[in-house]
Amino acid sequence: MKITKWSLVLSLFLTTLIKVTAMQDKNNIREAISLCEKAIIVYDSNLLQKAKEILQQNNSDPAALYYEALCEYKLLEMSSRPGNESLFEKNYESGVANAEKLSVITGFESEGKTLLAAIYMMKIANKPMSAVTLTSKIHSLLDEAQKINPDNPRSYLIRGIMKLQTPAMFGGSIEDASKNFAKAIQIFDKEDEVDKIQPHWGYLESLAWMGIVQEKLENLEAAKFSYQKALNVEPDYAWVKYSLLPKLLEKIGK
């Protein structure tokens, strides 16, 4: 009886410990996600790296793995300039590996393929010659992502960026870019609020890129509207606040 009693006590203790540990892990993941979001908003690579390191410690959880890959994608954006080759390659290799893992995890297939396409896109930005092999791969991944989930706004955002950045002779189109950004924004505007641990980034980026498209089309007031809408959502969004909107206002003389 004593053995049975102590076995029961030990079992209850271990069960409680496991639950507490799991809860702490979830809290750590949520804190890292918040840090990742803040880093993206204020464009801070040090904060982003810190978030990535926390997420790496918990990446057996698909949500943590997703945000680790997102951190790597955003670090690629911030390190794509000349002189950051070693940092770029490190994040590129791990980002590809993590996004590939996500692409076969139930519930993350569409998001994983979209992130993988985005990471490949950054490779093209860093090494333009890689477009020869990666462009078709990117669009295939986005096709697959949209087939799995036609309402994944991030897939339209990434396709829009690709269409805008690709020369017309190779399939680029500012009109197609505009349609994709508009589709992403439309989905975001209709989307119900989701648990912050689920993928939900991309609204600010979609508004910013739509503003860029409108500028290129000489629709300056429409561009201003898009930038201001982004700042209405997030007043500290650094890319729009300190770069895109001030340059536009200077251009239109306001």
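I'd like the full set of residues that are within 20 Å of N152 (Cβ to Cβ) and either surrounded by fewer than 12 Cβ atoms within 10 Å (Cβ to Cβ) or in contact (Cβ under 8 Å) with a residue 60 or more places away in the chain (or both), limited to the stretch 163-195.
Selection gives D189, K190, D192, E193, V194, D195.
Kindly indicate whether K147 is at pLDDT 95 or above, part of a helix (DSSP H, G or I) and closer than 24 Å to E89 by Cα.
no
Restricting attention to the stretch 42-64, which residues are more than 20 Å from S79 (Cα to Cα) and among the polar types (S, T, N, Q)?
Of everything in the stretch 42-64, those that are more than 20 Å from S79 (Cα to Cα) and among the polar types (S, T, N, Q) turn out to be Q57, N58, N59, S60.
Against the definition (of a type in the set (K, R), over 18 Å from the mean Cα position of the chain (by Cα) and either over 30 Å from N27 (Cβ atoms) or at pLDDT 95 or above (or both)), how does K163 come out, yes or no?
Here the answer is no, as K163 does not meet what is asked.
Return a yes/no flag: does the stretch 225-243 have any residue that is charged (D, E, K, R), buried (at least 21 other Cβ atoms within 10 Å of the Cβ) and over 16 Å from the mean Cα position of the chain (by Cα).
Looking for residues that are charged (D, E, K, R), buried (at least 21 other Cβ atoms within 10 Å of the Cβ) and over 16 Å from the mean Cα position of the chain (by Cα), one finds none in the stretch 225-243, hence no.
S7 - would you say it is assigned by TED's automatic domain parsing to the domain that holds N98 and modelled with pLDDT under 90?
Here the answer is no, as S7 does not meet what is asked.
For the stretch 22-41: of the residues being among the hydrophobic types (A, V, I, L, M, F, W, C) and surrounded by fewer than 16 Cβ atoms within 10 Å (Cβ to Cβ), which is modelled with the lowest pLDDT?
A22
Can you confirm whether A117 is out of contact with any His (no Cβ under 9 Å at 6 or more places or on another chain), assigned by TED's automatic domain parsing to the domain that holds N91 and in a helix (DSSP H, G or I)?
no
Results for (1) at positive phi; (2) of a type in the set (D, E, K, R); (3) outside any helix (DSSP H, G or I), shown as yes or no for each residue.
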position: N46; (1), (2), (3): no, no, no
position: Q49; (1), (2), (3): no, no, no
position: L55; (1), (2), (3): no, no, no
position: N59; (1), (2), (3): no, no, yes
position: A63; (1), (2), (3): no, no, no
position: Y66; (1), (2), (3): no, no, no
position: A69; (1), (2), (3): no, no, no
position: Y73; (1), (2), (3): no, no, no
position: E77; (1), (2), (3): no, yes, no
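For the structure I just gave you, tell me whether L141 is part of a helix (DSSP H, G or I), under 16 Å from the mean Cα position of the chain (by Cα) and assigned by TED's automatic domain parsing to the domain that holds A64.
When the stated conditions are applied, L141 passes them.
The values are calculated or read from the model by the stated rules, or taken from the named source; none is laboratory data. Please read all numbers here as calculations on a predicted model, not as lab measurements. In this analysis, Cβ positions are derived from the backbone assuming ideal geometry, glycine residues included, and neighbour counts consider all displayed protein chains.
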